[in-house]
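One structure is given below, encoded as structure tokens.
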Amino acid sequence: MADTPPPHEPEYVGFWKRFLAFLIDSLVFSLILSPVMIALYGGGYFDRLNTELAALLVSSGDPNADAIRMLEILGRPDSAIAALSDIRVQIGFVVATILFWRFRGATPGKMLVKAKIVTADGLAQPSTARLVGRFLAYFVSILPAFLGFLWIAFDKRKQGWHDKLAGTVVIAETRERS
């Protein structure tokens, strides 16, 4: 009787590779977001952003005065920092992320580290509904001090809380063996 090899266990992608993918995605998103922000808010957008960030980083030594200054900067209708929360920008980010997940199985960062998102139960392409749920579950991973993302380092299948809620895993892409 011939020995049959055990079923192939996927290689789950761990915390550091996923963190690297996040950094790459942040860079890609910034490169794409820059011309969008200029188109929406004008050519001086980055000058205003730098001025506002510099003003926020300066401390007067009085926490109350610093809090008031921060609220004044962020409360202005033309605040460059507040513009990042523009609903058009946020919807674009959400849609782009879910489209990458749906049609490429990964964001650009995950593609560069040779990882893809699949269902936890059958290692198949997740449905769009499951991917939307995964995106929304990011908030569960973020809210308690990013513990849901840190969980990836300790979980045997390297799942964050958002993966567990959506029933997904991130695995290394493998080449077909002959």
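Hey, what did the chain get for relative contact order, percent, Cα under 8 Å, at least 6 apart?
This gives 26 percent for the chain.
Just one of (i) 215; (ii) 138; (iii) 151 is volume of the Cα convex hull per residue in Å³ calculated from these coordinates, so which is it?
For volume of the Cα convex hull per residue in Å³, the calculated option is (iii).
Summarise the accessible area of region 73-178 (1.4 Å probe, protein heavy atoms) by the percent that is carbon and sulfur.
Solvent-exposed carbon and sulfur of region 73-178 make up 66 percent of the total.
Would you mind working out the accessible area per residue for the chain, using a 1.4 Å probe, and quoting it in Å²?
That works out to 65 Å² per residue.
Could you compute the FRET efficiency for I81 and L23, with r as their C-beta to C-beta distance and R0 at 25 Å, rounded to 0.05?
0.75
If r is the Cβ-Cβ distance from V58 to V132 and R0 is 45 Å, what FRET efficiency results, to the nearest 0.05?
So the FRET efficiency works out to roughly 0.65.
Suppose every K and R has +1 on its Cβ and every D and E has -1 on its Cβ; what is the size of the dipole of the chain about the Cα centre, in Debye to the nearest 20?
Using Cβ point charges on Lys, Arg, Asp and Glu, the chain gives about 580 debye.
What chymotrypsin sites (Phe, Trp or Tyr not before Pro) in region 138-178 are in a loop by DSSP, with at most 14 other Cβ atoms within 10 Å of the Cβ?
F146, F154
The values are calculated or read from the model by the stated rules, or taken from the named source; none is laboratory data. Given the structure is predicted, the values throughout are model-derived calculations rather than measurements. Backbone-built Cβ (ideal geometry, glycine too); neighbour counts: all protein chains shown. SASA here: full protein model, heavy atoms, side chains in, ligands and nucleic acids out. Shrake-Rupley method; radii C 1.70, N 1.55, O 1.52, S 1.80 Å.
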